[in-house]
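Below is one structure; the comments refer to it alone.
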Amino acid sequence: MTLVQLEYIIALDNYRHFAIAAEKCFVTQPTLSMQIQKLEDTLGVILFDRSKHPIAPTEIGVQILEQARKIIAESKKITSTSL
């Protein structure tokens with residue numbers, strides 16, 4: 001699991017569309033999709049219901065997104081701290 005993967009799932013949750021989320025993350029749609037799939041494989045869960053339009057997080061996806069947002073917020077605190 002990487003911070004980038006967490007940023008990608010947050011973007012997908014925010015925009016609810018793979019192409020738009022990829023554009024906002026400055027990556028190609030296949031790159032974003034592949035990284036989200038890798039994260040799902042690592043965690044052993046499906047984070048998004050791809051059959052819905054717009055895409056929606058699954059029940060477990062909602063819980064993981066909540067944690068991902070906390071992790072990203074905390075990581076930004078580290079990078080903004082001048083040492």
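Structural remarks
- Angle in degrees between helix 29-43 and the longest Cα principal axis of the chain, rounded to the nearest 10: 80
- Per residue, the accessible area of the chain comes to 65 Å², computed with a 1.4 Å probe over protein heavy atoms only.
- For SER51 and THR81, the FRET efficiency from 1/(1 + (r/R0)^6), where r spans their Cβ atoms and R0 equals 41 Å, is about 0.45.
- 0 to 90° range, to nearest 10: angle between helix 3-15 axis and the chain longest Cα axis: 50
- Within the chain, the longest run free of trypsin sites (Lys or Arg not before Pro) that sit in a DSSP loop with at most 13 other Cβ atoms within 10 Å is 1-49.
- Charged-residue dipole, Cβ positions (Lys, Arg, Asp, Glu), the chain about Cα centre, Debye nearest 20: 200
- Distance from the C-alpha centroid of the stretch 53-71 to that of the stretch 1-22: 10 Å, rounded to the whole angstrom.
- SER75 accessible area, assembled protein chains, probe 1.4 Å, Å²: 30
- If you take the alpha carbon atoms of the stretch 28-83 and fit the smallest convex hull around them, that volume is 117 Å³ per residue.
- Solvent-accessible surface ranking, highest first, for GLU23, GLU7, GLU59 at 1.4 angstrom: GLU59, GLU23, GLU7
- Rounded accessible area of LEU3 (nearest 10 Å², 1.4 Å probe): 80
The values are calculated or read from the model by the stated rules, or taken from the named source; none is laboratory data. Source: prediction; values computed, not measured. Every residue, glycine among them, receives a Cβ derived from its backbone with ideal geometry; neighbour counts consider all protein chains shown. SASA here: full protein model, heavy atoms, side chains in, ligands and nucleic acids out. Shrake-Rupley method; radii C 1.70, N 1.55, O 1.52, S 1.80 Å.
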